[in-house]
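The values are calculated or read from the model by the stated rules, or taken from the named source; none is laboratory data. Because the structure is a prediction, the values reported are computed rather than measured. So basically every Cβ, Gly included, is an ideal-geometry build from the backbone, and we count neighbours across all protein chains shown.
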């Protein structure tokens, strides 16, 4: 079984030896899926760190098989899918906890929001999906909350006394201070998607859009908008585009602009740090650190 090379590289990068062992067992796991659910698994989609492929049940039903490395992140996604339910997110048909398998409804035609050329329209669609998606925090959930962001920033500072990649120690400290302030002044916490962006919103028919791949996170709604703002960026005019997007989300979702910009700064520092590999990093993410800071200082006449 030949796997996509980028997929293999990312699994090794993220999961190390556990990932290598999981990749070796992947053909056996796919065969297990075919036997357990009486299905034929087809060629996979373009993969990141999970194996995701369309499949056909013997009764002709089209589904999607998602095979993840078993563990905390898989359990978070499973719980988020169960809590949100098919009214808010893609339908979970079945699962196998021990083997990290999700069987999901296949969204047809499955066009992503990234393919909508009009950026204003894409933002308004995204806001509508988020409005439907977000819900109150359930009782006794095991899902993480946004304090994990603060913990990640603390770890970065401790482990990188001179900064990390292109991110200076001063920026790391500023991001941590801002994140701490946001938690100390937290307003309304909700159950969030946790990884909401253009590629995680798909068409399920001509007029309907549905979110997929929730990470599951407890926090403020302003935080859930940030990953969307980091995607589909042009080479020029990023400041203006970002401000326009923010204004649309504020209008549609009644968000707090100051908190959104502060969360943007913190999350973008983290998002950039997660992409650093040797001398390489996501340059779009990195430049957004300054853009969030610039927009904030333009509107609030104080420094982050």
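Within the stretch 247-264, the set of residues being under 17 Å from residue 129 (Cβ atoms) and surrounded by 15 or more Cβ atoms within 10 Å (Cβ to Cβ) comprises 248, 249, 250, 252, 253, 255. Which members of the stretch 240-268 meet the condition of being in a helix (DSSP H, G or I), in contact with a helix residue (DSSP H, G or I) (Cβ under 7 Å, 6 or more places away or on another chain) and over 21 Å from residue 114 (Cβ atoms)? Result: 250, 257, 258, 259, 260, 261, 262, 263, 265, 266.
Is it the case that some residue within the stretch 281-297 is surrounded by 13 or more Cβ atoms within 10 Å (Cβ to Cβ), outside any loop (DSSP other than H, G, I, E, B) and modelled with pLDDT under 95?
Taking every residue of the stretch 281-297 in turn, none turns out to be surrounded by 13 or more Cβ atoms within 10 Å (Cβ to Cβ), outside any loop (DSSP other than H, G, I, E, B) and modelled with pLDDT under 95.
Would it be correct to say that residue 233 is in the same structural domain as residue 192 (by TED's automatic domain parsing) and either in contact with a strand residue (DSSP E or B) (Cβ under 6 Å, 6 or more places away or on another chain) or touching a residue at least 60 places away in the same chain (Cβ under 8 Å) (or both)? No: the conditions fail for residue 233. Somewhere in the stretch 70-88, is a residue free of Cβ contacts under 8 Å to residues at least 60 places away in the same chain and more than 21 Å from residue 192 (Cα to Cα)? Checked the stretch 70-88: at least one residue is free of Cβ contacts under 8 Å to residues at least 60 places away in the same chain and more than 21 Å from residue 192 (Cα to Cα). A residue that is surrounded by 16 or more Cβ atoms within 10 Å (Cβ to Cβ) and assigned to a helix (DSSP H, G or I) occurs nowhere in the stretch 208-218.
For residue 249, the stated conditions do not hold, so it cannot be described as at pLDDT 95 or above and closer than 30 Å to residue 278 by Cα. Considering the conditions (1) under 22 Å from the mean Cα position of the chain (by Cα); (2) surrounded by 12 or more Cβ atoms within 10 Å (Cβ to Cβ); (3) closer than 29 Å to residue 57 by Cβ; (4) at pLDDT below 95, residue 7 is excluded by exactly one of them, (4). Annotation: of all residues in the stretch 49-74 being touching a helix residue (DSSP H, G or I) at 6+ places or on another chain (Cβ under 6 Å) and assigned to a loop (DSSP other than H, G, I, E, B), the one that is nearest to residue 101 (Cα to Cα) is 68.
For every residue, the table says whether it meets (1) under 30 Å from residue 106 (Cα atoms); (2) surrounded by 18 or more Cβ atoms within 10 Å (Cβ to Cβ); (3) at pLDDT 95 or above.
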position: 129; (1), (2), (3): yes, yes, yes
position: 154; (1), (2), (3): no, no, yes
position: 168; (1), (2), (3): no, no, yes
position: 183; (1), (2), (3): no, no, yes
position: 205; (1), (2), (3): yes, no, no
position: 228; (1), (2), (3): yes, yes, yes
